[in-house]
Amino acid sequence: MFPQTLSTWIRDRLLDGSGGGRREVDRHVMEVYAFPLRVYFLGTRDRALGEPDEVIQGFFADRLARPEFFAQWQASGLPLRRWLMNALNFYLKELRRQNQRGHPGGEADTSEPEAPGADPAAEVDRAFVVSMVRAALRNVQRDCDLNGLGPHWTSFFEHFSLDRAYADIGKDLGVDAARAMVMARTVRHRFQAELRRMLSIDGPHGEIDQTILSFVEGGRS
């Protein structure tokens, strides 16, 4: 069955009669799932149909405009990632038909051979991990900027992403190494909390769950 937390989160927002809840759901889906779907598209035989970003944006514009799109997902019993993959496949078939109508002299085959040994579901899951972490980082950086914690974000990012020593970061920020470490850990806690919040919405499972949790619980000191 689909993750109940995600289903409930979407259902509650769709009950908002103002339309704001649906827009929030649409933003969340595009933010978290655009990259995994792009990876999936590039692994299909239809990757010659168009530029990946344009194809995925066209898919979202078409499917998310349908009032019953999420109700149909909930009725399917599929995880949202799988539902979106299936929906994208149907969308690609529609693009193929449009392309064929544009070639009246015969059916143009824009497909390419499948990549040997590729596991589309596994590729999407790996991309989903990356997308979740990126989204959490963007949210935390924005929160730090809004709350006057820009230097804290700098310390966190440069230590955990660029592997810089706290002593070097501290020199740039005008603080000692111990203070730079405290600043970075403050943001790391915010990042962990944000990733947990996002996990509670999207509810991954199995190996993907363990992969993301390693970001939450791990990290250098």
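Pick from region 128-181 the residues that are basic (Lys, Arg), out of contact with any Gly (no Cβ under 9 Å at 6 or more places or on another chain) and more than 29 Å from Arg81 (Cα to Cα): which of them is surrounded by the most Cβ atoms within 10 Å (Cβ to Cβ)? Ranking the candidates gives Arg164 first. For region 4-33, a tally of residues being assigned to a helix (DSSP H, G or I), among the aliphatic types (A, V, I, L, M) and surrounded by fewer than 18 Cβ atoms within 10 Å (Cβ to Cβ) returns 2.
Here's the yes/no breakdown for (1) among the aliphatic types (A, V, I, L, M); (2) more than 25 Å from the chain's Cα centre (by Cα); (3) closer than 30 Å to Val29 by Cβ; (4) modelled with pLDDT of 95 or more:
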position	(1), (2), (3), (4)
Asp119	no, no, yes, no
Gln141	no, no, yes, yes
Ala177	yes, yes, no, yes
Arg185	no, no, no, yes
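Residue by residue, here is whether (1) in a helix (DSSP H, G or I); (2) touching a residue at least 12 places away in the same chain (Cβ under 8 Å); (3) small (Gly, Ala, Ser) holds:
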site: Gln141; (1), (2), (3): yes, yes, no
site: His152; (1), (2), (3): yes, yes, no
site: Ser155; (1), (2), (3): yes, yes, yes
site: Arg164; (1), (2), (3): no, no, no
site: Ala180; (1), (2), (3): yes, yes, yes
site: Arg188; (1), (2), (3): yes, yes, no
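The values are calculated or read from the model by the stated rules, or taken from the named source; none is laboratory data. All of these numbers come straight from a predicted model, not from anything done at the bench. So basically every Cβ, Gly included, is an ideal-geometry build from the backbone, and we count neighbours across all protein chains shown.
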